[in-house]
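Contents: one structure, followed by commentary.
The values are calculated or read from the model by the stated rules, or taken from the named source; none is laboratory data. What you see is a predicted model, and the numbers here were worked out from it, not measured in a lab. Cβ placement follows ideal geometry from the backbone for every residue including glycine, while neighbour counts extend to all protein chains displayed.
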Amino acid sequence: MNFRFVGPEIVYILYDSQPRLLFYGPEFEQTLLEIREQLETIRFFVSPHNGSSSLAIDYEEFLSGGRGLAQAPDICEDDECQIMYTSGTTGRPKGAVLTHRNVLWNLLNTILGREDKTGERALIVGSLYHTAALNNHFTIQISLGGTSLLVRRFEPESLLRTIERARASVVSCAPSVFNMLLQHPYAGKYDSSSITKCTSGADKLPMEVKKQIIGMFPNIRSVYDVYGCTEASPCITILSEEDSLRKDLSVGKALPFLEAHVVDDEDSPLPPGQVGELVCRGPNVMKGYFRNPQATREVMRNGWLHTGDLARMDEEGFFYIVDRKKEMIISGGENIYPREIEEALIKHPAIADVAVVGVPD
């Protein structure tokens, strides 16, 4: 669960997901005490190092009170594994149900697309309630026997210090985080030569920023740019390091075990160069939204996941995200995509970051 949630948001997620057991850190004790009467399904509260709690069982005590099982229950690929809450751009958060099959195929797609190797030391800046941090970074290192260096709270100089001290080999950040690292006055003070791979996602990564990242980390050739959504566990496309400088602002090709197209409003595939909605299908696409069949029907049509993202594809099969479908501006009958304006503005050397929104006129 998002650790930034306040009481009413916590109540909504826990009512919707119906858990019987809640693990939490001591810092959330007071918030949970205030909403305790509304958490009807929870039978056990468990918290580490929280001996004075009137609500929780201590974590170690909880573990020691259980009994060992000779054999774990059979778990099948189609059994539910995760419920990852996503709000998209509108409405209350929806719980995307990901099966064990979804998570495993996402692992295969990501490892192939991002050329992940055994024994990497990955610095994970994103929070694990995000499916990218959980399934694209943390779980990857578990599967390949690597090391996950979890960043509890992002602060640029602290991150640079961690890279030097821990000899991290992979750093995965959103473009905004890379921007903050690049602009920090001590960016060149710390040894970053251990980094051999950079991956980016969650937003556009302009060529100017890529070039600065390459300058900051001397042992990378370029950046892997990853695109996906929670409902796809999350990977849909990856732009390889090899193509990164050749395909400016592309998010790459569809991953090996997945199909992706750009379609019009009638769900008919569009030719290269035309803008439409990006849809995909494959074994990594979610089972559906938890207890929300209507929302599931809206995004899962004829076996295809409708991402809500406007995109185009070039002649080589590389995808370019234009904008969110709901964020498109219509002026004088013309479609205007905020992202395209942002991509033009960010090239100006005096602009550090940019966001474009439409207002009624």
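Summary of values
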| item | result |
| --- | --- |
| Single condition Tyr85 does not satisfy, out of (1) assigned to a helix (DSSP H, G or I); (2) crowded, with 21+ Cβ neighbours inside 10 Å; (3) not polar (S, T, N, Q) | (1) |
| Number of positions in segment 264-291 that are part of a loop (DSSP other than H, G, I, E, B) and either within 20 Å of Gln82 (Cα to Cα) or of a type in the set (D, E, K, R) (or both) | 12 |
| Condition met for Pro206 (touching a residue at least 60 places away in the same chain (Cβ under 8 Å) and out of contact with any strand residue (DSSP E or B) (no Cβ under 9 Å at 6 or more places or on another chain)) | yes |
| Pairs with Cβ under 6 Å, 6+ apart, first in segment 326-347 and more than 15 Å from Val275 (Cβ to Cβ), second buried (at least 16 other Cβ atoms within 10 Å of the Cβ) and not aliphatic (A, V, I, L, M) | Ile346/Pro206 |
| Verdict on Lys253 being closer than 28 Å to Gly303 by Cα, of a type in the set (Lys, Arg) and touching a residue at least 40 places away in the same chain (Cβ under 8 Å) | yes |
| Filter result for Ser127 (among the hydroxyl-bearing types (Ser, Thr, Tyr), under 17 Å from Phe3 (Cα atoms) and either surrounded by fewer than 19 Cβ atoms within 10 Å (Cβ to Cβ) or over 13 Å from the mean Cα position of the chain (by Cα) (or both)) | yes |
| Considering residues of segment 304-338 that are of a type in the set (A, V, I, L, M, F, W, C) and in contact with a Leu (Cβ under 7 Å, 6 or more places away or on another chain) only, the residue farthest from Ser268 (Cα to Cα) | Met328 |
| Unique residue being within 17 Å of Leu128 (Cβ to Cβ), assigned to a helix (DSSP H, G or I) and without any contact (Cβ under 8 Å) to a residue 40 or more places away in the chain when the list is Leu32, Leu22, Leu63, Leu107 | Leu107 |
| Considering residues of segment 243-263 that are among the hydrophobic types (A, V, I, L, M, F, W, C) and assigned to a loop (DSSP other than H, G, I, E, B) only, the residue farthest from the chain's Cα centre (by Cα) | Leu245 |
| Selection count, segment 195-220, where residues are over 21 Å from Asn135 (Cα atoms), polar (S, T, N, Q) and at pLDDT 95 or above | 1 |
| Any hit, segment 339-350, residues being touching a strand residue (DSSP E or B) at 6+ places or on another chain (Cβ under 6 Å), of a type in the set (A, V, I, L, M, F, W, C) and more than 21 Å from Glu266 (Cβ to Cβ) | no |
| Sole residue being of a type in the set (Lys, Arg) and modelled with pLDDT of 95 or more, chosen from Arg20, Arg4, Arg67 | Arg20 |
| Failed criterion for Ala96 (all others in (1) crowded, with 16+ Cβ neighbours inside 10 Å; (2) closer than 24 Å to Ser192 by Cα; (3) not acidic (Asp, Glu) hold) | (2) |
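Per-residue answers, yes or no, for (1) surrounded by fewer than 12 Cβ atoms within 10 Å (Cβ to Cβ); (2) part of a loop (DSSP other than H, G, I, E, B); (3) in contact with a Ser or Thr (Cβ under 9 Å, 6 or more places away or on another chain):
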{"position": "Thr296", "(1), (2), (3)": "no, no, no"}
{"position": "Glu315", "(1), (2), (3)": "yes, yes, no"}
{"position": "Arg339", "(1), (2), (3)": "no, no, no"}
{"position": "Pro349", "(1), (2), (3)": "yes, yes, no"}
{"position": "Val356", "(1), (2), (3)": "no, yes, no"}
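Let's see how each residue does on (1) out of contact with any His (no Cβ under 7 Å at 6 or more places or on another chain); (2) over 23 Å from Arg4 (Cβ atoms); (3) at pLDDT 95 or above; (4) not assigned by TED's automatic domain parsing to the domain that holds Leu14:
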residue: Glu27; (1), (2), (3), (4): yes, no, no, no
residue: Leu32; (1), (2), (3), (4): yes, no, yes, no
residue: Ile35; (1), (2), (3), (4): yes, no, yes, no
residue: Glu40; (1), (2), (3), (4): yes, yes, no, no
residue: Phe45; (1), (2), (3), (4): yes, no, yes, no
residue: His49; (1), (2), (3), (4): yes, no, no, no
residue: Ser52; (1), (2), (3), (4): yes, yes, no, no
residue: Asp58; (1), (2), (3), (4): yes, yes, no, no
residue: Gln71; (1), (2), (3), (4): yes, yes, no, yes
